[in-house]
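The values are calculated or read from the model by the stated rules, or taken from the named source; none is laboratory data. Predicted model only: the values in this text are computed from it and were never measured. Every residue, glycine as well, gets a Cβ built from its backbone with ideal geometry; the counts of neighbours run over all protein chains shown. To get the accessible areas, we keep the full protein, side chains included, count just its heavy atoms, and leave off ligands, DNA and RNA. Shrake-Rupley method; radii C 1.70, N 1.55, O 1.52, S 1.80 Å.
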Amino acid sequence: MPQKSYMHSPIQAAKERRWHHIDAKGLVLGRIATKAADLLRGKLKPTYTDYVDCGDFVVVTNAKHVKLTGNKLEQKFYFSHSGYAGGAKVTPMKRQMERDPRKVVMLAVRRMLPKNRLARKQMVRLKIYVADTHPHGILNQKAK
């Protein structure tokens with residue numbers, strides 16, 4: 001019996017998008033990021049096609065209550081460079097969590113996605129909120 005490859009249509013994939021909610025209160029950052037990255041890519045769907053943007057919308061709430069394992073709060077640093085000589089910036093995770101915990105979650109998810117144009121489109125569908133409330137209404141519904 002010959003097997004045929006399934007190729008998901010990008011138009012059909014956009015029609016099938018759903019909304020998912022992840023409450024980050026008390027959950028480990030890496031576990032949240034893995035789940036969000038899988039949902040953004042659509043890897044949990046039977047119609048997954050790696051070169052088609054077939055993922056869903058993901059809303060993460062309570063980003064300030066995320067748990068970190070080990071001594072990451074004191075030992076982990078975020079590095080960025082402006083491109084100019086002496087333009088290196090090193091930000092400790094503790095300071096970043098105090099300033100903007102949404103960025104910590106966003107970077108964790110983004111670094112679990114492939115580094116290409118498709119991942120940049122998928123990151124647009126990630127919505128992160130510090131508090132318990134969000135403006136997206138009812139979740140786990142089909143996108144309109």
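Taking the stretch 43-113, how many lysine pairs are there with alpha carbons less than 18 Å apart, if each pair must be eight or more places apart or span two chains?
14
Report the residue, chosen from GLY70, GLY86, GLY42, that carries the largest GNM mean-square fluctuation when the chain is represented by alpha-carbon nodes joined by springs under 10 Å.
Residue with maximal mean-square fluctuation among GLY70, GLY86, GLY42: GLY86.
By its C-alpha gyration tensor, with a ≥ b ≥ c as the square roots of the eigenvalues, how is the stretch 1-60 shaped: rounded for a/c under 1.5, else prolate for a/b larger than b/c, else oblate? Please report the intermediate quantities before stating the final value.
Values: a/c = 3.57, a/b = 2.05, b/c = 1.74.
Prolate, because a/c is 1.5 or more and a/b exceeds b/c.
Note down the relative contact order for the stretch 19-73 as a percent, whole number, built from C-alpha pairs under 8 angstrom at least six residues apart. Write out the running numbers ahead of the final one.
Working: 69 pairs, mean separation 29.5, N = 55.
The value is 54 percent.
Run the accessible area of the chain with a 1.4 Å probe and give the carbon-and-sulfur part as a rounded percent. Working shown, then result.
Working: 5130 of 9570 Å².
After summing per-atom areas, the C and S share lands at 54 percent.
Compute the Kirkwood hydrodynamic radius of the chain, taking the inverse of the mean of 1/r over all pairs of distinct Cα atoms, and give it in Å to one decimal.
Numbers: mean 1/r = 0.0599 Å⁻¹.
Result for the chain stands at 16.7 Å.
Cα axis of helix 29-41 to longest principal axis of the chain: angle in degrees, 0 to 90, nearest 10?
Its long axis makes an angle of about 30 degrees.
Give me the dipole magnitude in Debye, nearest 20, for the chain about the Cα centre, with unit charges on the beta carbon: positive for Lys and Arg, negative for Asp and Glu. Can you show the working numbers first?
Numbers: 30 positive and 10 negative charges, 33 e Å.
The dipole magnitude comes to about 160 debye.
Taking the solvent-accessible surface of protein heavy atoms with a 1.4 Å probe, what is the per residue accessible area of the chain in Å²?
Details: 9570 Å² over 144 residues.
With all protein chains present, the chain gives 66 Å² per residue.
Against the longest alpha carbon principal axis of the chain, how many degrees, from 0 to 90 and to the nearest 10, is the axis of helix 101-110 turned?
In the chain, helix 101-110 runs at an angle near 50 degrees to the longest axis.
Only helical DSSP H runs with n ≥ 4 go in: add -39500 (n - 2.57) per run for the chain, normalise by residue count and round the 222 nm mean residue ellipticity to 500 deg cm²/dmol.
Details: 6 runs with 47 residues, N = 144.
Result for the chain: -8500 deg cm²/dmol, rounded to the nearest 500.
Pairs of alpha-carbon atoms within less than 8 angstrom and 6+ residues apart define the contacts here; what relative contact order does the stretch 1-131 have, in percent? Display every interim value, and only then the final one.
Working: 198 pairs, mean separation 39.6, N = 131.
Value for the stretch 1-131: 30 percent.
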